[in-house]
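I have placed the structure first, in the form of structure tokens, so that the comments after it can refer back to it.
The values are calculated or read from the model by the stated rules, or taken from the named source; none is laboratory data. For clarity, every value in this text was computed on a predicted model and none was experimentally measured. Methodologically, a virtual Cβ is constructed for each residue, glycine included, from the backbone with ideal geometry; neighbour enumeration extends over all protein chains shown.
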Amino acid sequence: MGKRNPLASISKIILGIVFLLSGIGKLLDLSMAVISVDRFKLLPASLSPAATYLLVFVEITLGLILIIKKQPKFFAAATLALLTVFSIGVSFSILRGQSFDCGCFGSLIRSPIGIGLLIRNFILSLFSLIVLFARIENGITRPTETTN
């Protein structure tokens, strides 16, 4: 029996809360969320509304599942993928010299485009990796065991 690893359980709860708040924040002001998605210029403007609605659904779903589910590996991988896409969008915006609120949490929390946002995404990505590579049995997180 391996040692308990509460870091993975804490990481999945933090990720769940962050994604849930992010989705709810956007849901509370969908028109502003569409504008925020459009500002990144990663998609044609005509796709911004559909992308925003999909993003809100995915973020809320991921948040809830991460908080509730005992073995959320697929969902941790999904958060890592989303965080990577978000970071690419932020990086392009920084390189273009753009300065605006990312809209990451809708109107709940203001997050300006910048290095601080990339650092936050990097830390959240580390949480995703912790959850992804930990093994959780019966609600107890254990380090992944390897056999040689």
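Worth a mention:
Results for (1) among the small types (Gly, Ala, Ser); (2) within 13 Å of the chain's Cα centre (by Cα); (3) within 29 Å of residue 5 (Cβ to Cβ), shown as yes or no for each residue.
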{"site": "16", "(1), (2), (3)": "yes, yes, yes"}
{"site": "19", "(1), (2), (3)": "no, yes, yes"}
{"site": "41", "(1), (2), (3)": "no, no, no"}
{"site": "59", "(1), (2), (3)": "no, yes, yes"}
{"site": "72", "(1), (2), (3)": "no, no, yes"}
{"site": "97", "(1), (2), (3)": "yes, no, no"}
{"site": "113", "(1), (2), (3)": "no, no, no"}
{"site": "117", "(1), (2), (3)": "no, yes, yes"}
{"site": "126", "(1), (2), (3)": "no, yes, yes"}
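- Being hydroxyl-bearing (Ser, Thr, Tyr) and surrounded by 19 or more Cβ atoms within 10 Å (Cβ to Cβ) is true of residue 128.
- Residues of the range 83-125 that are touching a residue at least 60 places away in the same chain (Cβ under 8 Å) and either of a type in the set (A, V, I, L, M) or assigned to a helix (DSSP H, G or I) (or both): 108, 109, 124.
Let's see how each residue does on (1) without any contact (Cβ under 8 Å) to a residue 40 or more places away in the chain; (2) assigned to a loop (DSSP other than H, G, I, E, B); (3) of a type in the set (D, E, K, R):
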position	(1), (2), (3)
25	no, no, no
42	no, yes, no
55	yes, no, no
80	no, no, no
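- Scanning the range 104-125 for residues that are at pLDDT 90 or above and small (Gly, Ala, Ser), we see that the one that is surrounded by the fewest Cβ atoms within 10 Å (Cβ to Cβ) is 116.
- Residue 65 buried (at least 17 other Cβ atoms within 10 Å of the Cβ) and touching a helix residue (DSSP H, G or I) at 6+ places or on another chain (Cβ under 9 Å): yes
Each row is one residue, and each column tells you yes or no for (1) surrounded by 15 or more Cβ atoms within 10 Å (Cβ to Cβ); (2) over 30 Å from residue 133 (Cβ atoms); (3) of a type outside the set (D, E, K, R); (4) in contact with a Ser or Thr (Cβ under 6 Å, 6 or more places away or on another chain).
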| position | (1), (2), (3), (4) |
| --- | --- |
| 10 | no, no, yes, no |
| 14 | yes, no, yes, no |
| 19 | yes, no, yes, no |
| 23 | yes, no, yes, no |
| 36 | yes, yes, yes, no |
| 54 | no, no, yes, no |
| 60 | yes, no, yes, no |
| 84 | no, no, yes, no |
| 89 | yes, no, yes, no |
